Amino acid sequence: MTAKTKVGILGSGDVGKQLGRGFARHGYEVMLGSRDPKKLAEWKKEVGAGASTGSFADAARHGEIVILATSGAGTESALDLAGPANFAGKLVLDATNPLDFSRGMPPGLLVGTTDSLSERVQRKLPQAHVVKCFNTVGNVRMIDPKFKEGNPPMMICGNDAAAKKRTEEVLKSLGWPAALDIGNLEGARWLEALVPLWVRTAQALGTFEHAFAPVR
Ligand SMILES: NC(=O)c1ccc[n+]([C@@H]2O[C@H](COP(=O)([O-])OP(=O)(O)OC[C@H]3O[C@@H](n4cnc5c(N)ncnc54)[C@H](OP(=O)(O)O)[C@@H]3O)[C@@H](O)[C@H]2O)c1
């Protein structure tokens, strides 16, 4: 499943670059997308084989799996630039968070809890299978996680059972023990709402390398 699966990543920030490095290391063919792909020349050189760069539309076309790693406020315009038709029938892993930094740190939420950015993404991409994934962990722990107290499952949600099953296969190929499926995409309201709490927890712990884990 991993060998040569094509992954398109929309986003040139820490998350896009980190996921791109990790997916390439695990044998996927990655294209990183940006409004300004020229600025990704260093990243492309660093990652080497299995890495390419392009526009948001190029990356969306390239991917059998497409990952969203754009800023919360910019995500919907990034999808417009990418062209919604380029996502039809594809698994879309949504790592974004609609964070509101207008009052500084720690952030609040742009969308609130009666909607979510993932649901907005799904409405823009009705033919895609959107799964919320990666948004509740820091980028340095997204691939081959090594948490001192043991690796938790990745919390995900989405409306399509087959897409979530495939997501779990992908996560396992990247070193995650399992996915914890919290239900349909409406659950993204609560996965996104965890992130302002995650930042406050980071401030209390003095590290951004933590994750939430359900314990029994
Ligand atoms: N940082 C983390 O550890 C972490 C962890 C979990 C989830 N997340 C979430 O992952 C996403 C990416 O985070 P990040 O820190 O890597 O980068 P970021 O600075 O939040 O986002 C950078 C990306 O957003 C795009 N962008 C910004 N404004 C845009 C606009 N108006 N229209 C279209 N595209 C726009 C940029 O495009 P260009 O390439 O054209 O500049 C760039 O690709 C965010 O939603 C964040 O909340 C972050």
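Please treat every number below as a calculation from the coordinates, not as lab data. Source: prediction; values computed, not measured. Positions of Cβ are backbone-derived with ideal geometry, glycine not excepted, and every protein chain shown enters the neighbour counts.
Of the cross-linked pairs LYS39/LYS164; LYS90/LYS146; LYS39/LYS172; LYS6/LYS132, those separated by over 21 Å at the C-alpha level are LYS39/LYS164; LYS90/LYS146; LYS39/LYS172. Rounded to the nearest whole Hz, the Karplus-based 3J(HN,Hα) values (6.51 cos²θ - 1.76 cosθ + 1.60, θ = phi - 60°) of region 156-165 follow the sequence 9, 7, x, 8, 10, 4, 5, 5, 6, 5, with x at glycine and proline. Can you give the FRET efficiency for ARG35 and ALA213, using 1/(1 + (r/R0)^6), R0 = 35 Å, r = Cβ-Cβ distance, to the nearest 0.05? Efficiency for this residue pair is about 0.45. Of all aspartates and glutamates in the structure, those lying under 16 Å Cα to Cα from LYS165, and not within fewer than 8 positions of it along the same chain, are GLU64, ASP94, ASP181. For the peptides 107-113, 153-159, the ranking by packing is 153-159, 107-113, with the highest mean count of neighbouring Cβ atoms within 10 Å listed first. Residues of region 132-169 with amide nitrogen under 19 Å from the 7 Å Cα-to-Cβ point of ARG200? Those under the cut-off are 136-138. Look at the alpha carbon pairs under 8 Å that are at least 6 residues apart: their mean separation over the length of the chain gives a relative contact order of 18 percent. Taking amide H as placed 1.01 Å from N in the peptide plane, the amide H of VAL130 sits under 5 Å from that of VAL92, ASN159, each at least 5 places away or on another chain.
Note on region 6-205: Cα convex hull, mean projected area over all directions, 10.5 nm². The modelled label-to-label distance for the pair GLU186/THR114, using points 7 Å beyond Cα in the direction of Cβ, is 1.4 nm.
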